[in-house]
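Visitor: Have a look at this one before I ask anything.
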Amino acid sequence: MPPRHRVIAQLIQRSIARGQLSAAAGILSLPQLAQRFRVSSTEELQLALARLRSEGLIVMRGDLGPVVSDTPMLTQVMSTSPGSHRPPLTRDVIFGDGARRVGVTATGRSETTVEPASLDVADQLEIARGTPIVHRRTVRYAGDMPAALENAYYPHDIVALVGPAADVETIIDAAGYRRVGQTDALVARLASPDEATVLGLDTGSPVLDHARVLYSSKDGHVRAVEHVRTLFAGNRNRLTYEHKQLDA
């Protein structure tokens, strides 16, 4: 059973997601929160609020008290420990879960093309420059607000040109490839003017540039089958990694 303060934090988070608590309500009264969520311990309530603050769901107004954040912070669970019967979560599911948690709808706008691999993409996919690749560009929205810009690249000999709604991971699995590993690189930087326009940010706003290369095996041969560059708006996303020993 989770600690009591985490249960309280989850109850408050659900009220925020349902719109029962919002930034428009102003400063939240601690006694009213304690009464509403049946909390008898001041320390447990403070621990719950500290957890919500770390997740970007509330902010503290000095000594006045907590306020629901007016910019929803999406928690993206970028990696979880694999289970023997549990496939890895897709990016659509990860983003959708993060949006649902703060009470907004996750949507996306995608376009897919076949093009020659640039130097950077060729390096990541370990192919020759100019080799045909499939490029899927997706702008992800949380409600009506753009939250992430995603560029995914796949070797064309594995993934043919597919529609925006096609499940590429399923296509790779159907081709006989088994996921065996990945590498992630994270860079915090400032958005370029074009990136800021797409994400609805001011020029020079902070973003998190996340790059992932996925490796799969077929017939004993391991190769890079997917390279994804995702640009997250710095004030709207929180990335987490969860790992657990399989024998623990």
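Visitor: Has the range 46-56 got at least one residue that is in contact with a helix residue (DSSP H, G or I) (Cβ under 8 Å, 6 or more places away or on another chain), on the phi > 0 side of the Ramachandran plot and not aliphatic (A, V, I, L, M)?
Guide: No, every residue in the range 46-56 fails to be in contact with a helix residue (DSSP H, G or I) (Cβ under 8 Å, 6 or more places away or on another chain), on the phi > 0 side of the Ramachandran plot and not aliphatic (A, V, I, L, M).
Visitor: Also: Test each condition in (1) under 30 Å from Thr71 (Cα atoms); (2) at pLDDT below 95 for Ile171 and report the one that comes out false.
Guide: (1)
Visitor: A further question on this structure: Return the only residue of Ala224, Ala175, Ala191, Ala196 being of a type in the set (Gly, Ala, Ser), loosely packed, with under 14 Cβ neighbours inside 10 Å and either in the same structural domain as Asp92 (by TED's automatic domain parsing) or within 22 Å of Ser118 (Cα to Cα) (or both).
Guide: Ala175
Visitor: On to the next question. Where in the range 21-119 are the helices (runs of 4 or more DSSP H), entirely inside, with at least 1 residues that are not assigned by TED's automatic domain parsing to the domain that holds Ser216?
Guide: Those helices (runs of 4 or more DSSP H) span 30-36, 42-54.
The values are calculated or read from the model by the stated rules, or taken from the named source; none is laboratory data. Small disclaimer: the values here were computed from a predicted structure and weren't measured. Note: ideal-geometry Cβ built from the backbone for every residue, glycine included; neighbour counts use all protein chains shown.
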